[in-house]
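The values are calculated or read from the model by the stated rules, or taken from the named source; none is laboratory data. From a predicted model like this one, the values you see are computed outputs, not experimental measurements. Positions of Cβ are backbone-derived with ideal geometry, glycine not excepted, and every protein chain shown enters the neighbour counts. Just the protein is used for accessible areas: all its heavy atoms, side chains included, with ligands, DNA and RNA removed. Shrake-Rupley method; radii C 1.70, N 1.55, O 1.52, S 1.80 Å.
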Amino acid sequence: MGGIIFNNVRIFDGAQLRPGCGAVRVEGNSITEVGNGSILPQPGDRVIEGQGMTLMPGLVEAHAHLSWPSSVERFVPGMSLPPEDLVLTTARNARILLDHGFTSAYSAGALSKTVEVVLNSFITSGGMPGPRLVASSIERSPPQDNAELDPGEVADHGSGPEAMRAFVRQCATLGAKSVKFLLSGEDALMPGASQQLLYTQEEASAAGEQARASGVWLACHAQAAEAVKMALRANFRVLYHCTYADEEALDMLEAKRDEIYIAPAIGIIQATLDAAPPPHFDMSHMKRSAAEVLELQKKLIPELKRRGLKILPGGDYGFPFNPNGRNARDLELFVQHFGYTPEEALSAATMLGGELMGMGDKLGQVRPGFLADLLLVDGDPVADVTVLQDRSRLRAIMKDGRFHKDPALAAL
């Protein structure tokens, strides 16, 4: 079986754009050679002429919601789906992410305890297309009154440290790799909720202890400063939002900068501000909240970046006004709002994404020995990161050394 050679390509290697044009050779599921100039083919090799296009690692979605119903292919006005529809919609969204260049996804929660775990087994076995997936449980929250669009409410999980341990154990037994908790509320759903803590420190710490014992990772929705601190004390690995972090929280985040990952989820904020809902749907309080969050994050994220935190794109895609498939927009928003260069945003979504997936030694870079998750882009995303939002500009999408989108067919 021959290899695959990409000749005459500009190479973004996950950290930077290499000078000039070069070539990359893939054998099996791995990159075996990265060089300047051309690579001479061996008998049986397939040579792809890059014509100066950009070859780069596949993108990593750090805040995936594959079971959130809406996508660029199908608008769903709410969040509730019958079980059969939910399963097929989740599979469809996995394919859509891969179609748009996301070869890996770190789940931030699902609408079912097992749908992502089962989906992942099908993807891994080659039974259906989708990204590499760190599968999650449902988002856990305690029982609340008047909770809207809250996927944690699909089951009553109880309260107290032992209930937390039992939930984490169950998720691990079912096959989830990441377990998501809503440590604070969300203003977009109920004004003032972002400052409400939904768990005690004892409960969060019990979840952390059980996660280590069960070999799973913990992720959390944490808006309030005290929710951020709670997560850090309990050894949560991935923190989403962190919008209201105060100076103490910033210092605690910095102290753990080598152990944790932050995804501010700017996509949903921008989408909320841009949304034009029908007259019968009042989004005024959501828009007020989003405007406040945007201004806070425009200060917070550059400060976290200055302190050396690992910050990744991933913007809560899957809501009706922020559909799955639009995920690459987050990179543009990192540049627009947070002062990132396009190259820095690309690196956050590739090399740093590989680390997030727990595969930093073999994923997210164009280097010999790394997995061949690659995009061939018609354009220069280092000059203009928005080209990644145009699916037609992704001339080739390769995952694990196999084409999901073959450049020969893309040209037809």
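With a 1.4 Å probe rolled over the protein heavy atoms of all chains, the accessible area of Ser205, Ser80, Ser107 falls in the order Ser80, Ser205, Ser107, largest first.
Measuring nothing but how far apart in sequence close Cα pairs (under 8 Å, 6+ apart) lie, relative to its length, the chain scores a relative contact order of 20 percent. Eigen-decomposition of the gyration tensor built on the alpha-carbon atoms of the stretch 10-69 gives equivalent ellipsoid semi-axes of 28, 16, 10 angstrom, largest listed first. When you restrict to C-alpha pairs under 8 Å that are six or more residues apart and normalise by the size of the stretch 313-379, the relative contact order lands at 17 percent. Checking every one of the GluC sites (Glu not before Pro) in the stretch 251-309 against DSSP loop status and a limit of 11 other Cβ atoms within 10 Å picks out Glu259. Residues in the chain average 38 Å² of solvent-accessible surface per residue, probe 1.4 Å, ligands and nucleic acids excluded. Here Glu355 sits with roughly 60 square angstrom of accessible surface, probe radius 1.4 Å.
Cα centroids of the stretch 4-34 and the stretch 189-207: 46 Å apart. Surface listing: Phe403, Phe281 arranged by accessible area from highest to lowest gives Phe281, Phe403, probe 1.4 Å. Counting only Cα atoms, the chain measures 65, 47, 40 Å along its principal axes, largest extent leading.
For the chain, a crude dipole built from +1 on the beta carbon of Lys and Arg and -1 on the beta carbon of Asp and Glu, taken about the Cα centre, is about 1000 debye to the nearest 20. When you restrict to C-alpha pairs under 8 Å that are six or more residues apart and normalise by the size of the stretch 1-137, the relative contact order lands at 21 percent.
Backbone amide hydrogens, once placed in the peptide plane, bring Tyr317 within less than 5 Å of His65, excluding anything fewer than 5 places away on its chain. Most simply put, the chain has about 45% antiparallel DSSP beta bridges, counting only bridges with both residues inside it. For the stretch 273-378, with all protein chains in place and a probe radius of 1.4 Å, 53% of the accessible heavy-atom surface sits on carbon or sulfur. Listed by chain and number, the lysines whose C-alpha is less than 20 Å from the C-alpha of Lys399, apart from same-chain residues fewer than 8 away, are Lys362. Within the stretch 191-258, the ratio Rg/Rh, alpha carbon atoms throughout and Rh by Kirkwood, equals 0.96.
For the stretch 259-406, the ratio of Cα radius of gyration to the globular rule of thumb 2.2 N^0.38 Å stands at 1.13. Between the alpha-carbon centres of the stretch 51-111 and the stretch 317-342 there is a gap of 14 Å.
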